[in-house]
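Q: Got a structure for you, written out below as structure tokens; questions coming shortly.
Readers should treat all values here as calculations from the given coordinates under stated rules, not as data from a laboratory. All values derive from a computational prediction rather than experimental measurement. In this analysis, Cβ positions are derived from the backbone assuming ideal geometry, glycine residues included, and neighbour counts consider all displayed protein chains.
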Amino acid sequence: MKAIIFAGGVGTRLWPLSRKNSPKQFEKVIGDKSTLQLAVERLLPDFGWDDIYISTSQKYIFLVKEQLPKIDISHIIAEPEGRDVGPAVGLAIANIVKKFPAEPLVILWSDHIVKNNSLFKKILNSCAEIISQNSNKLIFISQKPRFASQNLGWIEYGNKKLSQRGFNFYDFKSFNYRPDLIMASEFLKSGYHAWNIGYFVTTASFLWQLFKLYQPEMYKILREIQNLVGSDKYESSLDKLYKSIPKISFDNAILEKIKKEDAYVIAENLGWSDVGAWEALKEALQSDPSQNVTSGKVLVTDCRDTLVYNYTDQMVVTIDLDGYLVINTKDVVLVCHKNSVPKIKKLVENLADSKNEHLV
């Protein structure tokens, strides 16, 4: 089985830690390791280094090599510039489809937490067995919901289709992205909805077919790139060819168009969390909502439901905070209520065109 871990995003919701020059997936948000390093560790030793590929931006190649010294440079698939996730997946598949077209392939993301790693590996093995016998199928791996999230995508599934190694796999029904609270609450109660975490198992050849079927214009360009893979002209031609692909999300480009009968869904409690935003990181690490989550030299007094992360040698002291986020870096101190996190992205966008652009 092969794995592609996508690590090319910037992650403005985790600002001021996450910056353009060092995005969230390369930063230490949990212990002494980045989420990229944790994502790779999660696969070892079941996967060898020859089984793992990293998709990232060209400007982050040095960070990938620095954090994953054992990975071969040929296993780092780099975008010349960001064109959203649809083209990023297409570029990755163009690079590998000839190498192992029919071998099971798992698509993963570098900024997540999976607490139940043993279960996660068992699910991957089970999915691999199914895909080995059904190379033109796709299996969505989903997280059983812990609460009525309005910030995550949901996936709906139907009747049980088959069982493998004690796991149940269901008919795929539909996606719903960021529902309102009423709908999310209904999803939570239904028993037929789970969080869509973006993980799936399939084959490179099947994904390649889907690009050809649903994105024919993009496929033509990707095919040109594929024909140059391994040649001396690859690097010099990639920049021009890749920039000509319109930006589009992978969901819009491929997944929302896939035939229902071509996909299965497995829903289990992986202990999964997306730590792409500070309030999400707190939810992932807390034992209950009122708990404070801290890192670094921090002293909290009479606080509840508050996250304080200090990346400097200076002591950070907080008193009487309820539901707040305090992030202290060497050049920025961010203090805001956890409900104000969506405003961080807009703030960063405004900084990009100001005298403080160096902070982005």
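Q: Under a straight-distance cross-link criterion of Cα-Cα below 16 Å, which aspartates and glutamates are reachable from residue 99, leaving out those fewer than 8 residues away in the same chain?
A: Straight-distance partners of residue 99: 50, 51, 72.
Q: Below 14 angstrom from the Cβ of residue 262, what's the summed charge of the other residues (Lys, Arg +1; Asp, Glu -1)?
A: Its environment carries a net charge of +3.
Q: Could you state the orientation-averaged shadow area of the convex hull built on the Cα atoms of the range 278-340, in nm² to one decimal? Working shown, then result.
A: Details: hull surface 15.5 nm².
If you wrap the Cα atoms of the range 278-340 in a convex hull and average its projections, you get 3.9 nm².
Q: Next question, about the same structure. Quantify how much of the Cα-Cα distance distribution of the chain extends past 39 Å, in percent. Let's see the in-between values first.
A: Values: 10095 of 64620 pairs.
Summing the P(r) of the chain above 39 Å gives 16 percent of all pairs.
Q: How do the peptides 167-180, 82-95 rank, highest first, by the average count of neighbouring beta carbon atoms within 10 Å per residue?
A: Values: 167-180: 16.1, 82-95: 22.6.
Those peptides, ordered most packed to least, come out 82-95, 167-180.
Q: Output the peptides 12-18, 329-335, 117-123 sorted from most to least packed, where packing is the average of other Cβ atoms within 10 Å over each peptide's residues. Write down the numbers at each step before the final one.
A: Numbers: 12-18: 22.4, 329-335: 13.1, 117-123: 15.6.
Per-residue mean Cβ counts within 10 Å order the peptides as 12-18, 117-123, 329-335.
Q: Report, in listed order, any pair from 282/355; 243/338; 144/257; 70/240; 144/260; 70/122 with a Cα-Cα distance greater than 27 Å. Walk me through the intermediate numbers first.
A: Details: 282/355 31 Å; 243/338 37 Å; 144/257 24 Å; 70/240 30 Å; 144/260 20 Å; 70/122 25 Å.
Where the Cα-Cα span goes over 27 Å, the pairs concerned are 282/355; 243/338; 70/240.
Q: If Lys and Arg each add +1 and Asp and Glu each add -1, what is the summed charge of the other residues whose beta carbon sits under 13 Å from the beta carbon of residue 49? All intermediate terms of the calculation are to be shown ahead of the outcome.
A: Values: positive: 2, 65, 70; negative: 41, 46, 50, 51, 72.
Residues near residue 49 contribute -2 overall.
Q: Note down the relative contact order for the range 278-340 as a percent, whole number, built from C-alpha pairs under 8 angstrom at least six residues apart. Walk me through the numbers before you get to the answer.
A: Details: 124 pairs, mean separation 16.2, N = 63.
Averaging sequence separation for qualifying contacts and normalising by length gives 26 percent for the range 278-340.
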